[in-house]
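Enquirer: My questions all concern the structure below.
The values are calculated or read from the model by the stated rules, or taken from the named source; none is laboratory data. Bear in mind the structure is a predicted one, so any value in this text is a computation, not a measurement. For neighbour counting, all protein chains shown are included, and Cβ atoms are generated from backbone atoms with ideal geometry for every residue, glycine included. Accessible surface areas use protein heavy atoms only, side chains included; no ligands, DNA or RNA. Shrake-Rupley method; radii C 1.70, N 1.55, O 1.52, S 1.80 Å.
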Amino acid sequence: MKNARSFLLGLGLMMMVGQSLALGATLTGKVHLEGTPPPQEKIKMDADPVCQMQHSSDVFAERWVVNGNGTLRNVLIYIKEGLGDKTFPAPSEPVVLDQKGCQYHPHVMGIQVGQTLKIVNSDDTLHNVHGKTKEMSLFNLAMPFKGLELEQKFEKADMIKFVCEVHPWMAAYAGVFNHPFFAVSGEDGSFEIKNLPAGTYGVEAWHEKLGTQTQNVTVTETDSKAVDFSFKVTE
Amino acid sequence: MLNWWLPEGISTYSGKVDGIFYIILAITGLMFFLVEGAILFFCLRYRHTQHAKATFVEGNTKLEVIWTLIPAAILIFLMFKSQGVWSEMKSHMPANPDLHIEVTAQQFAWNIHYPDSEVTTLNQLHIPVGKKVLVQVTSKDVIHSFFIPQFRLKQDAVPGSKINVWFEATQVGHYELVCAEFCGLAHYRMRGYLKIETPEEFQAWLDQSKKEAEKKGDEDEW
Amino acid sequence: MKSFMHKYVFSTDHKMIGLQFLFTAFLFMLFGGLLAMAIRWQLAWPGTKLPVLGVIMPETYNVIFTMHGTFMIFFVVIAIMVGAFANFTVPLLIGAHDMAFPKINMASYWLFFISCVIMLASFFAPGGAAATGWTAYAPVSVKAPMGQSLWLISLIVLGVSSILGSLNYLTTIVNLRAPGMHFFRMPMTVWAIFITAILVLLATPVLTAALAMLLLDRVLDTTFFLAGTGQPVLWQHVFWFYSHPAVYIMILPAMGIASDVLSVFSRKPLFGYHAMVYALSAIAGLGFIVWAHHMFATGLNPTLGTTFMVATMFIAVPTGVKIFNWLGTLWGGSIHFSSAMLNAIAFVSMFVIGGLSGVFLAAASLDIYLHDTYFVVAHIHYVLFGGSLFGIFAGIYYWYPKMFGRMMNEKLGKIHFWLTFVFYNLTFFPMHIIGIHGMPRRFYDYKQYEFLRGLEPLQLLISISAFALFICQLPFVYNFFVNLFVGKKAPNNPWQANTLEWTIPSPAPHLNYAKVPIVYRWPYEYSLPHAKEDWLAQDQP
């Protein structure tokens, strides 16, 4: 009986400690865009009838997706420095990159070192997935049939671009990080990074065309801070 | 749908290329039956059980001369036949073609550019029927080959070289543009679409495409 | 143990080295054959699961056809012709004790072995083995993953092995012929190997240089074969400057073997012996000035195209001379259909088809259409399988008694021959047709093109025949390996042939000849009028 009570007590303590460990600061914010972006580029998919057949309306490139509220979608926000040599285990659930309608979904994503990237072909045509960094080609694999899946892992932090050379308009980007603190701006231009330990960080926002911006932020265990970014389109 | 032979020929020189094919087929076919027939006949006629003692013959100079000279004569004939078409395809580019097209191959697509109207397409090759078209073929990365089977035309697309070929289509229709030189992973899927149209349809398409043509977004450096 | 190593592994005996080449090549023939089966599986039923390999993906398919070509050309046909047969036959047929340089001969095999190991190791390289075709056209091959570098290194080592081997054959043939063995008393096999060795010696260094340049482009960022400061088409020039003669390296020895086998089993002198030697030399000589006929579609200068067409057409003349002389040999003979003879006759009749289809490809204006289609695939297989491989089978059935001192089973040999002959033609003849229809080579899935979809029944026929062809090699494997142990003991001269190797015991003893033989006559004195026997050995006064 005594044993059981101390066991329960211990369990309770462990849960509390565990919860407080899981707690951490939250960074939220929006990515604004100043100036007029170039018009969205229409993609002509007549190069492959299989692609064209899947779209009844016009398809646009996802490079410049500006939301109604003047914010910019598809910006990757992540902790650039300040985590020291803390290590974070890679989550077991995979990140999925889907090839559908001859476009990548999502267009921009983050993934942890060692985490599985599951690449799916939902099109009834050949896609080759060519993953590369600015310096070198990482892999180049063909996915000739609908429903094929393959898995890749990344060994070090970097920016990766995916292209399909059969459909040259296709492009997607993945930031590979040593930690789980990253997010992509969504339909209202907002993002949220959770469970950040206390500390001072360099937070960076990356856009495929506009480059990067960095801000310094200091947070305590339970802070909830807003960090907004603003990109300018230069002619 | 059991068409296992030469695909229909629809360029001004395809018939001549096929002509050479049939001449060679006739000559080599005859040789084939003569030689294989002789082998078969000798094997039956001179088999050991039929012909116990072989005839001692070391050779025959007259025969050697005959079977050197006759094939040589036939081959010289074939050379002249082939040379006529070769020269028409390769050495006599039309001086004033009706249409210029620039084809730039890349892994794994065809960039088709109409320089006179600044129209660019991907994998869509539209041409007018009955017009002399001059195509300048090149490549961005590796060697590809611009192959239109129905035209009997094939030209490697070599990076760093701009090579001219020409053709004149004799009928309208939809055909395929094939990459014939192994160029990597998706070589088998580097397929273009050839649309041969009446000059009016072609002009309409060109005008429409010109209207639609937008400034291409600049490529990033990856 | 030491004597085992000395006798079977680090042997300097030309016969043992020849057998080492033969057995290694057999292994690669098995690998190459399995790869061919995978190709045919994919083309018959694209995207369906295959045992062991699973579903073949395009990147794997590209490795498969690249390695099929590489194995079959460099590690099977060349290894057997220039490694196995040349080694085994040259000293025996000219009455020598061994090669001129036995240790260089051993080095030649072991370099070949290293090259094999590197080639097999390349399958485990990151990114897989080479996947740019056996022709490795630049710039695809410059940009390919690391397996391509191993492929290049392996072939450079192989080139050195070939050069050492051919030096040895030339020196041996020039210097070690038995007394009385004038050049024009040499059997055609020796003549063919002599001329082949010259080809190897002149052509292989060019390939080795090309391979080294490509390797430099890959690892040291030179730009020999890159657009801008280099020229991609240059690779094709240097590659084909070797690889066209390489076709003759692979076929001339088969011509020699077939000539001798046809004569022995027709019991009749080889028809037009001198003309045959001149024709061989002419083919070899012309073989050096036709390389650009592989490049009619590259956009080379039209006048240059004409020149190469003319040179190529002229190769058909000496080739025709050879074929007619083989017919002349059969004519009036007393033909014994042994397994060796059947394969030699098949060599002639299939090589005829390979030669005739070559005329289509030589006509430059027609080649523009046929280039890079299955017509070329059919052509090369009629020359290299129909030609070289039937020649190899003929040679094996013929010399097996002298190699191992035992006889192969003739009945199994004939079963093997007829099955192979039938399924070989069912496999490769339809390839002409799909080529004429325009089907390109090296296509993972031809059904992506509408104009090719109607070819499905032919593709199925080809694939099923190819599987049958593979299975039909089992009688040969059984016949070859089981009879090593249980075959009937071979007499000295089972075929009543005239050449010197049949005057000594079977298997040929170490150092071959107890006493240097003296040669009194040419090797083709069969069915001499007024003679008691229908043969007269070369060492008979």
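Enquirer: What helices (runs of 4 or more DSSP H), lying completely within region C:60-173, carry at least 1 residues that are touching a His at 6+ places or on another chain (Cβ under 8 Å) and surrounded by fewer than 22 Cβ atoms within 10 Å (Cβ to Cβ)?
Expert: Because the criterion is at least 1 residues that are touching a His at 6+ places or on another chain (Cβ under 8 Å) and surrounded by fewer than 22 Cβ atoms within 10 Å (Cβ to Cβ), the helices (runs of 4 or more DSSP H) in region C:60-173 that meet it are C:102-121.
Enquirer: List the pairs whose first member sits in region C:39-50 and is free of Cβ contacts under 8 Å to residues at least 60 places away in the same chain, whose second member is outside any helix (DSSP H, G or I) and open to solvent by less than 20 Å² (accessible area, probe 1.4 Å), and whose Cβ atoms are under 8 Å apart, counting only residues at least 6 apart or on separate chains?
Expert: From region C:39-50, the pairs are C:Leu50/C:Ile56.
Enquirer: I'm trying to understand the selection: among the residues of region A:103-124, which are in contact with an Asp or Glu (Cβ under 6 Å, 6 or more places away or on another chain) and within 14 Å of another protein chain (Cβ to nearest Cβ)?
Expert: The one that is in contact with an Asp or Glu (Cβ under 6 Å, 6 or more places away or on another chain) and within 14 Å of another protein chain (Cβ to nearest Cβ): A:His107.
Enquirer: List, please: which pairs have Cβ atoms under 9 Å, are six or more places apart or on different chains, and start with a residue in region B:140-166 that is at the interface with chain C (Cβ under 7 Å from one of its Cβ atoms) and over 24 Å from C:Thr132 (Cα atoms) and end with one that is open to solvent by 20 Å² or more (accessible area, probe 1.4 Å) and basic (Lys, Arg)?
Expert: B:Arg152/B:Lys16
Enquirer: Only strands (runs of 3 or more DSSP E) wholly contained in region A:143-216 count here; list those with 3 or more residues that are open to solvent by less than 10 Å² (accessible area, probe 1.4 Å) and away from every other protein chain (no Cβ under 14 Å).
Expert: A:199-207
Enquirer: For region C:443-496, how many residues are touching an Asp or Glu at 6+ places or on another chain (Cβ under 8 Å) and either in contact (Cβ under 8 Å) with a residue 40 or more places away in the chain or within 27 Å of C:His416 (Cβ to Cβ) (or both)?
Expert: 2
Enquirer: Consider B:His174 carefully, then state whether it is in contact with an Asp or Glu (Cβ under 7 Å, 6 or more places away or on another chain) and within 14 Å of chain C (Cβ to nearest Cβ).
Expert: no
Enquirer: I've got another one for you. Out of the residues in region B:1-39 that are among the aromatic types (Phe, Trp, Tyr) and loosely packed, with under 13 Cβ neighbours inside 10 Å, state the one that is farthest from B:Trp86 (Cα to Cα).
Expert: Going through the qualifying residues, I end up with B:Phe33.
Enquirer: Still on this model: Only one residue in B:Ser117, B:Ser87, B:Ser82 is more than 14 Å from chain C (Cβ to nearest Cβ) and at pLDDT below 95. Which one?
Expert: Selected residue: B:Ser117, the only one of B:Ser117, B:Ser87, B:Ser82 that is more than 14 Å from chain C (Cβ to nearest Cβ) and at pLDDT below 95.
Enquirer: Does region A:34-47 hold any residues that are open to solvent by less than 80 Å² (accessible area, probe 1.4 Å) and under 18 Å from B:Glu212 (Cβ atoms), and which are they?
Expert: A:Pro38, A:Gln40, A:Glu41, A:Lys42, A:Ile43, A:Met45, A:Asp46, A:Ala47
Enquirer: Being part of a helix (DSSP H, G or I), free of Cβ contacts under 8 Å to residues at least 24 places away in the same chain and facing chain C (nearest Cβ under 8 Å) is the filter here, so list the residues in region B:26-50 that pass it.
Expert: Across region B:26-50, the qualifying residues are B:Thr28, B:Met31, B:Phe32, B:Val35, B:Glu36, B:Ala38, B:Ile39, B:Phe42, B:Cys43.
Enquirer: Could you check region C:218-241 and list, in sequence order, the residues that are away from chain B (no Cβ under 14 Å) and open to solvent by less than 10 Å² (accessible area, probe 1.4 Å)?
Expert: Once the filter is applied, which keeps residues that are away from chain B (no Cβ under 14 Å) and open to solvent by less than 10 Å² (accessible area, probe 1.4 Å), region C:218-241 yields nothing.
Enquirer: The conditions are (1) more than 14 Å from chain B (Cβ to nearest Cβ); (2) surrounded by 15 or more Cβ atoms within 10 Å (Cβ to Cβ); (3) in a loop (DSSP other than H, G, I, E, B); (4) of a type outside the set (Lys, Arg), and A:Leu27 fails exactly one of them. Which is it?
Expert: Unmet condition: (3).
Enquirer: Looking for whichever is outside any helix (DSSP H, G or I) and either closer than 30 Å to C:Asn409 by Cα or touching a His at 6+ places or on another chain (Cβ under 6 Å) (or both) here; the options are C:Gly332, C:Gly395, C:Gly387. Which one fits?
Expert: C:Gly332
Enquirer: Go through (1) within 10 Å of chain B (Cβ to nearest Cβ); (2) buried (at least 24 other Cβ atoms within 10 Å of the Cβ); (3) over 30 Å from C:Thr298 (Cα atoms) one by one and return the number of the condition C:Phe390 breaks.
Expert: Every listed condition holds for C:Phe390 apart from (1).
Enquirer: Would you check if A:Ile193 is over 30 Å from A:Phe145 (Cβ atoms) and either among the aliphatic types (A, V, I, L, M) or under 13 Å from the mean Cα position of the chain (by Cα) (or both)?
Expert: Yes; evaluated as a whole, the condition is true for this residue.
Enquirer: Against the conditions (1) of a type in the set (Val, Ile, Thr); (2) in contact (Cβ under 8 Å) with a residue 24 or more places away in the chain; (3) open to solvent by 50 Å² or more (accessible area, probe 1.4 Å), where does C:Ile434 fall short? Just the number, please.
Expert: It is condition (3) that C:Ile434 fails.
Enquirer: Can I ask one more? Yes or no: C:Ile345 under 17 Å from B:Glu36 (Cα atoms) and of a type outside the set (Ser, Thr, Tyr)?
Expert: Judged against the criteria, C:Ile345 is a match.
Enquirer: Considering only residues that are in contact (Cβ under 8 Å) with a residue 60 or more places away in the chain and surrounded by fewer than 20 Cβ atoms within 10 Å (Cβ to Cβ), which ones fall in region C:281-294?
Expert: C:Ser281, C:Phe288, listed by residue number.
Enquirer: A further question follows. Could you please find all residues in region A:103-139 being under 28 Å from B:Cys183 (Cβ atoms), of a type in the set (S, T, N, Q) and surrounded by 20 or more Cβ atoms within 10 Å (Cβ to Cβ)?
Expert: Within region A:103-139, A:Gln103, A:Asn121, A:Thr125, A:Asn128 qualify.
Enquirer: OK, next. Which one of the conditions (1) over 19 Å from the mean Cα position of the chain (by Cα); (2) within 17 Å of C:Trp191 (Cα to Cα); (3) surrounded by fewer than 20 Cβ atoms within 10 Å (Cβ to Cβ); (4) more than 10 Å from every other protein chain (Cβ to nearest Cβ) does C:Val264 fail to meet, given that it meets all the rest?
Expert: Unmet condition: (3).
Enquirer: To continue, here is another question. Filter region B:188-213 down to the residues that are touching a helix residue (DSSP H, G or I) at 6+ places or on another chain (Cβ under 8 Å), within 30 Å of C:Phe225 (Cα to Cα) and touching a residue at least 40 places away in the same chain (Cβ under 8 Å) and list them by number.
Expert: Result: B:Arg189, B:Arg191.
Enquirer: Being facing chain B (nearest Cβ under 9 Å), in contact with a Phe, Trp or Tyr (Cβ under 6 Å, 6 or more places away or on another chain) and not hydrophobic (A, V, I, L, M, F, W, C) is the filter here, so list the residues in region C:333-356 that pass it.
Expert: C:Gly333, C:His336
Enquirer: Next question, about the same structure. Kindly provide the set of residues from region B:51-69 that are assigned to a loop (DSSP other than H, G, I, E, B) and within 7 Å of another protein chain (Cβ to nearest Cβ), ordered by number.
Expert: B:His51, B:Ala52, B:Lys53, B:Ala54, B:Thr55, B:Phe56, B:Val57, B:Glu58, B:Gly59
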